Amino acid sequence: MREDATEMNSVLNETFAALDSLQSSHPFELKLTETGQVTSVGRGVARVNGLKDARSEELLRFPGNQLGMAFNLDANEIGVILLDQNDSLAAGDEVRRTHRVLDVPVGNSLIGRVVDPVGRALDGLGPVQTQQRRPCEQDAAPIMNRDPVTVPLQTGIKVIDALIPIGRGQRELIVGDRQTGKTAIAIDTILNQTDKDVICIYCAIGQRNTAIAKTIADLRERGALEYSVVVVAEGDSSPGMQFVAPYAATTIGEYFMEQGKDVLVVYDDLTVHARAYRELSLLLRRPPGREAFPGDIFYLHSRLLERSTHLNQQHGGGSLTALPIAETEAQNVSAYIPTNLISITDGQIYLSPDLFQKGILPAVDVGRSVSRVGGKTQLAAYRSVSGDLRLSYSQFEELEAFSRFSSRLDEETRATLERGRRVREIFKQPQYQPLSVAEQIAVLVATTSGLLDSLEMASLQSTEIAIRQSMINHLSDLCERIEAGEKLTAEDRQLIIDAAQKTL
Ligand SMILES: Nc1ncnc2c1ncn2[C@@H]1O[C@H](COP(=O)(O)OP(=O)(O)OP(=O)(O)O)[C@@H](O)[C@H]1O
Ligand SMILES: [Mg+2]
């Protein structure tokens, strides 16, 4: 009997020793995961119960590593926005909490890459290697950390830089019907940032894949991808992805801004973003408001665009300029989303389908466009010409409508009309050809001085090219002074006019 007991003891001791050594080689840790269950699945959304403590906007993990974001927190149920498109999800599937919110990788290695809103590479160049991730949803910089907008952001497009100038840290809406050249303006602005130390982020929301591929090819061919990041939520991605895309793009931009850099973010476009949000909200039974958009869409867009700013020197002095794009239907700028965006931003560039059809490209309707801060930041050289230009152009637009009905015009009216037609002709600019400040000034000075008034309209295009060339070839030190922001003196003007005269 006693022998049995001692044998048992030794067996037990051996067992305990084995367990001890196992534990020291594999430390066990108790891990608590909260799991819930999918109760129903819809297009892009799911309802989940059993996750009592889940927080608003927390990421939830579904089978197959599929992610969703807690959106509606009701007493018994959570409405979830699905981020991945997956048909295999079904009622009864298990859901886990992740205890973190949606984030994106940020860092220098993103430059030159095409990624989706959660930072997965879409360009086939392998995963993006970054050290840091940041939440997509962030608070905007407080007022005390901000400085006024003082530095211009040159678009390289004459009509915009002269009449609707944009400053670094400003939010300028590009608004117009479909196919009026909205994307073209944004892309030209990105192309114009070559060697200007501005990091550009192009965020494509819900566009056709062919359109996105073309934009990326445009940027790559022209060397602009070297200082750009492209964030893509394509048209067939889930509405959840389209919804989070602009936040991810802004977070990526903010990282660079906080390093003291100047950043430009293009949101192409926010009407599609609003539609994705409407779809999700309706599916999750949030109450619809005007045009069936949920009531907080204004808050959503203003919170997003409030994140663009110019930080003061104590905070690095970086800036984030936003160029949101909005699409109108039948030129109706008083539709809900366009009016919201117009009131949130610091001005708008309105593109008119009528001008587009007449071949006046870029189709900027100067009378309906405005920049509420840019004028103060405009380079000094522009100020000496832009006042004149704006006046003669708006007079011309008024007169042109009237003058159709009368054949006999007095001399002064005729001169205003002739000048206006020339200004409009001079503002025409092909795509992918942003111009330097000095080239623009040369053309604008020649126009406002009346040098072109006696020329045939048909010869204006070639004259314009010749004037720009002569400026670059013969007045290179004046070019440098203009780019440095110096004022245009009377002698400088004369130099430009003389050089232009020789080309006629
Ligand atoms: N300045 C320009 N000169 C010549 N062609 C232009 C110019 N701007 C735009 N285009 C052409 O006009 C067409 C429409 O331009 P774009 O795609 O930029 O318009 P959009 O308003 O962004 O269209 P969508 O509504 O489809 O997004 C394109 O084929 C583009 O090449
Ligand atoms: Mg477009």
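Brief remarks on what is shown
- Annotation: peptides 362-375, 64-77, ranked by per-residue average of other Cβ atoms within 10 Å with the highest first, follow the order 362-375, 64-77.
- Hydrodynamic estimate: the Kirkwood radius of segment 88-139 over Cα pairs, inserted into Stokes-Einstein at 4 °C and 1.567 mPa s, corresponds to D of 99 µm²/s.
- Averaging Cα coordinates gives a centre for segment 342-397 and one for segment 410-448; these two points are 13 Å apart.
- Between Thr35 and Ser394, the contour length at 0.36 nm per residue exceeds the Cα-Cα span by 122.8 nm.
- Radius 12 Å from Cβ of Asp197, net charge of other residues (Lys, Arg +1; Asp, Glu -1): +1
- Shown here for segment 289-372: GluC sites (Glu not before Pro) in loop regions (DSSP other than H, G, I, E, B) with at most 13 other Cβ atoms within 10 Å, namely Glu329.
- Ordering 158-166, 84-92 by mean Cβ neighbour count within 10 Å, with the highest value first, yields 158-166, 84-92.
- Shape of segment 283-331, Cα gyration tensor, a/c cut at 1.5: oblate
- Spatial offset of segment 314-328 relative to segment 472-504 amounts to 32 Å, using the alpha carbon center of each.
- In this rough spin-label picture, where each label sits 7 Å from Cα along the Cβ direction, the Asp453-Asp296 distance is 6.0 nm.
- Cα shape, segment 206-250, gyration tensor, a/c 1.5 rule: oblate
- Each residue, Glu7 and Arg55, gets one label point 7 Å from its Cα in the Cβ direction; the gap between the two is 6.0 nm.
- Label separation (Ser403 vs Glu306): 4.8 nm, computed from points 7 Å beyond Cα along the C-beta direction.
- When each of Lys214/Lys261; Lys358/Lys502; Lys214/Lys502; Lys182/Lys502 is checked by Cα-Cα distance, pairs over 30 Å: Lys358/Lys502; Lys214/Lys502; Lys182/Lys502
- Across the alpha-carbon set of segment 54-116, the Rg to Rh ratio works out to 1.06, Rh being the Kirkwood radius.
- DSSP-defined antiparallel bridges as percent of all bridges, segment 104-378, nearest 5: 30 percent
- Per residue, the convex hull around the alpha carbon atoms of segment 104-378 comes to 124 Å³.
- Charge dipole of segment 347-393 (Cα centre as origin; +1 on each Lys and Arg Cβ, -1 on each Asp and Glu Cβ, all else neutral): 180 debye, rounded to the nearest 20.
- A protection proxy built from the mean count of other Cβ atoms within 10 Å ranks the segments 419-428, 262-271, most packed first, as 262-271, 419-428.
- Note on segment 1-143: the alpha carbon radius of gyration divided by the globular reference 2.2 N^0.38 Å gives 1.63.
- Accessible surface of Leu379, taken over heavy atoms with a 1.4 Å probe and every protein chain present, rounds to 30 Å².
- Surface per residue (accessible, 1.4 Å probe) for segment 250-314, Å²: 37 Å²
- Partners of Lys376 within straight-line reach, counting aspartates and glutamates whose Cα lies under 12 Å from its Cα and excluding those fewer than 8 residues away in the same chain: none found.
- Under a model in which nothing but the beta-carbon of Lys, Arg (+1) and Asp, Glu (-1) is charged, segment 51-147 shows a dipole of about 380 debye around its Cα centre.
- Glu456 accessible area, 1.4 Å probe, all protein chains in place, Å² to nearest 10: 140 Å²
- Averaging 1/r across all pairs of distinct Cα atoms in segment 269-356 and inverting the result yields a Kirkwood radius of 14.6 Å.
- Here r is the Cβ-Cβ distance between Asp20 and Ser88 and R0 is 45 Å; the resulting FRET efficiency, rounded to 0.05, is 0.55.
- Sulfur and carbon atoms: percent of accessible area, the chain [1.4 Å]: 51 percent
- Counting only residues at least eight positions apart within a chain, or on another chain, the lysines with an alpha carbon under 30 Å from that of Lys52 are Lys31.
- Calculated [222 nm] ellipticity per residue, helices only, for the chain: -13000 deg cm²/dmol; basis is -39500 (n - 2.57) per DSSP H run with n ≥ 4, divided by all residues, nearest 500.
- Annotation: amide H-H contacts under 5 Å for Val45 (H modelled 1.01 Å from N, sequence separation of 5 or more, or interchain): Leu82.
- Proximal aspartates and glutamates relative to Lys158, as straight alpha-carbon distance under 13 Å, when same-chain residues fewer than 8 apart are discounted: Asp188, Glu425, Glu439, Glu464
- Database remark: amide H of Arg113 closer than 5 angstrom to the amide H of Val230 (H placed geometrically; neighbours at sequence offset of 5 or more, or on other chains; Pro and chain starts carry no H).
- Convex hull per residue volume in Å³, alpha carbons only, for the chain: 197 Å³
- The antiparallel fraction among DSSP beta bridges confined to the chain stands at about 55%.
- For Leu282, solvent-accessible area (1.4 Å; no DNA, RNA or ligand), Å²: 80 Å²
- Summing Cβ point charges (Lys, Arg +1; Asp, Glu -1) relative to the Cα centre of the chain gives a dipole of roughly 1000 debye.
The values are calculated or read from the model by the stated rules, or taken from the named source; none is laboratory data. Just so it is clear, the structure is predicted and the values come from calculations on it, not from any experiment. We place every Cβ from the backbone using ideal geometry, glycine too, and count neighbours over all the protein chains shown. Please note that ligands, DNA and RNA were not included when accessible areas were found on the heavy atoms of the full protein model with its side chains. Shrake-Rupley method; radii C 1.70, N 1.55, O 1.52, S 1.80 Å.
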